[in-house]
1. List the residue pairs whose Cβ atoms are under 6 Å apart, where the first residue sits in the range 65-92 and is over 23 Å from Pro110 (Cα atoms), the second is polar (S, T, N, Q), and the two are 6 or more positions apart or on different chains.
2. What is the number of the single condition among (1) at pLDDT below 80; (2) among the aromatic types (Phe, Trp, Tyr); (3) surrounded by 15 or more Cβ atoms within 10 Å (Cβ to Cβ) that Phe53 does not meet?
3. Please tell me if Ile62 is of a type in the set (A, V, I, L, M), out of contact with any helix residue (DSSP H, G or I) (no Cβ under 6 Å at 6 or more places or on another chain) and modelled with pLDDT under 95.
4. Is one or more of the residues making up the range 69-82 within 12 Å of the chain's Cα centre (by Cα), surrounded by 10 or more Cβ atoms within 10 Å (Cβ to Cβ), at pLDDT 75 or above and assigned to a helix (DSSP H, G or I)?
5. Go through the range 83-96 and give me each residue that's of a type in the set (Gly, Ala, Ser) and either in a helix (DSSP H, G or I) or surrounded by 14 or more Cβ atoms within 10 Å (Cβ to Cβ) (or both).
6. For the range 48-64, which positions are closer than 19 Å to Tyr106 by Cα and touching a residue at least 24 places away in the same chain (Cβ under 8 Å)?
7. Restricting to the range 34-68, count the residues that are of a type outside the set (A, V, I, L, M) and assigned to a loop (DSSP other than H, G, I, E, B).
8. Please go through the range 35-58 and pick out each residue that is over 15 Å from Gln88 (Cβ atoms) and hydrophobic (A, V, I, L, M, F, W, C).
Amino acid sequence: MTIPKKTKALGILLAIVAAPALAQQSVPKTGGTPPFGSMCVGCHGIPYYQTAFPQVYHVPKIAGQSQQYIVNALKAYKAGERSHPSMQAIAKSLSDQDMSALAAYYGAAPAEAKK
């Protein structure tokens with residue numbers, strides 16, 4: 001059975017295009033922002049940001065904060081000991097390893113460096 005040249009070419013092209021995407025999924029990220037860290041900067045990286053849900057609330061910047069404080073705060077949200085619904089939902093989606101990675105990333109930076 002012979003495979004037509006166009007089919008072979010299409011298969012090779014798809015393999016070349018898909019390879020970088022597959023490589024990104026299989027290689028653990030070392031250094032830089034944790035893959036889930038971008039959800040934090042959307043609120044915690046904006047100077048003077050306030051949320052309107054569930055009430056008007058000043059959102060603190062977390063860059064430069066103590067790593068242990070960040071981990072403790074996330075664990076308290078996950079356990080329901082802190083009452084902000086959005087943060088509870090986010091914290092419930094994080095493992096202890098995720099929390100430690102976020103705390104290491106944001107806690108290691110000067111307060112104005114990570115925006």
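1. Within 6 Å, the pairs are Tyr77/Gln88.
2. So Phe53 meets the others, but not (3).
3. Considered against the rule, which asks whether it is of a type in the set (A, V, I, L, M), out of contact with any helix residue (DSSP H, G or I) (no Cβ under 6 Å at 6 or more places or on another chain) and modelled with pLDDT under 95, Ile62 comes out as no.
4. Applying the first criterion (within 12 Å of the chain's Cα centre (by Cα)) to the range 69-82 yields none.
No, the range 69-82 contains no residue that is within 12 Å of the chain's Cα centre (by Cα), surrounded by 10 or more Cβ atoms within 10 Å (Cβ to Cβ), at pLDDT 75 or above and assigned to a helix (DSSP H, G or I).
5. Ser86, Ala89, Ala91, listed by residue number.
6. Within the range 48-64, Lys61, Ile62, Ala63, Gly64 qualify.
7. Of the residues in the range 34-68, 16 are of a type outside the set (A, V, I, L, M) and assigned to a loop (DSSP other than H, G, I, E, B).
8. Our first condition is that a residue be over 15 Å from Gln88 (Cβ atoms); within the range 35-58, this holds for 35-38, 41-42, 44-50, 52, 56, 58.
Phe36, Val41, Ile46, Ala52, Val56, listed by residue number.
The values are calculated or read from the model by the stated rules, or taken from the named source; none is laboratory data. From a predicted model like this one, the values you see are computed outputs, not experimental measurements. Cβ coordinates were reconstructed from backbone atoms using ideal geometry, including for glycine residues, and neighbour counts include every protein chain displayed.
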